[in-house]
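The values are calculated or read from the model by the stated rules, or taken from the named source; none is laboratory data. This one's a predicted model, so the numbers in the text were calculated from it and none came from an experiment. Cβ coordinates were reconstructed from backbone atoms using ideal geometry, including for glycine residues, and neighbour counts include every protein chain displayed. Just the protein is used for accessible areas: all its heavy atoms, side chains included, with ligands, DNA and RNA removed. Shrake-Rupley method; radii C 1.70, N 1.55, O 1.52, S 1.80 Å.
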Amino acid sequence: MTIWPKGFTLDSWKYVLDRPDLWRSFGVTAIATIVGTVLSLLITALLAYPLTKKEFTIGKVVMLAAVITMVFKAPLIPYFLTMKNIGLYDNPLVLVIPHILTAYNLIIMRTFFLEFPSELEEAAVVEGAGYFRLLFNIVLPLSKAVLATLGLFYAVTIWNQFQHPLMFIQNPDWYPLQIKIRQFITSDNELQIVGNMSQLNYSARTLRAVTIVFAIVPILMIYPYLQKYFTKGAMLGSVKG
């Protein structure tokens, strides 16, 4: 045993990358992550922005309801039955809809919007801008820090989700990447066959390692591009409540 591998080979990567079922699951997860992140940021912004306005009279009630969801979680069985009754059982939309809004991210974005310079909004209002125009043309373009931060939060949550697809997805064609990887690394039959083929340059252990790295790399590639916004967005959204 040495630190530097002897007989370095990429055969295990070739084996994994040649699996069409793995790429299908990768596509399902990628689409769910992209669509879910965009929708989540949109819904969070549309709810957080009105909560910063005094004229939104039920704002305190909405914030209280959001905080309650952070403290009290729905019991598993009622949650499962509710999701099934609204048609999300064995439906790929279950990979997106349950994650579309979280109270923690809502609070961060609301706090960020509270620190937005009111002079800019007042000047736009004088020019005849309404709330939607204020949000989409002025506030959001100047909120890249918090959007990048929450976008990363939402993307990582959707990409790494395991419990929801395990509970609700039955059709193998809709398995996300995490379920497919679990199925692969716990499938003793396939890995045993691989391990018994001595002429191959990989083993069951290397295949397990490759599939895990395969699922981690996409998120690791995204983070460096968002790093400059990440700390700023998290700090600005956490100073005031």
Residue set Ile169, Ile185, Ile181, Ile138; condition at pLDDT 90 or above and under 30 Å from the mean Cα position of the chain (by Cα); output residue Ile169
For the stretch 138-171 the number of residues that are open to solvent by 10 Å² or more (accessible area, probe 1.4 Å), over 15 Å from Tyr223 (Cα atoms) and either touching a residue at least 24 places away in the same chain (Cβ under 8 Å) or in contact with a helix residue (DSSP H, G or I) (Cβ under 6 Å, 6 or more places away or on another chain) (or both) is 9
Return the total of residues in the stretch 83-135 being touching a Leu at 6+ places or on another chain (Cβ under 7 Å) and free of Cβ contacts under 8 Å to residues at least 40 places away in the same chain. 3
Among the residues of the stretch 43-91, count how many are part of a loop (DSSP other than H, G, I, E, B) and within 28 Å of Glu121 (Cα to Cα). 7
Kindly indicate whether Thr29 is of a type in the set (Ser, Thr, Tyr) and either assigned to a loop (DSSP other than H, G, I, E, B) or modelled with pLDDT under 90 (or both). no
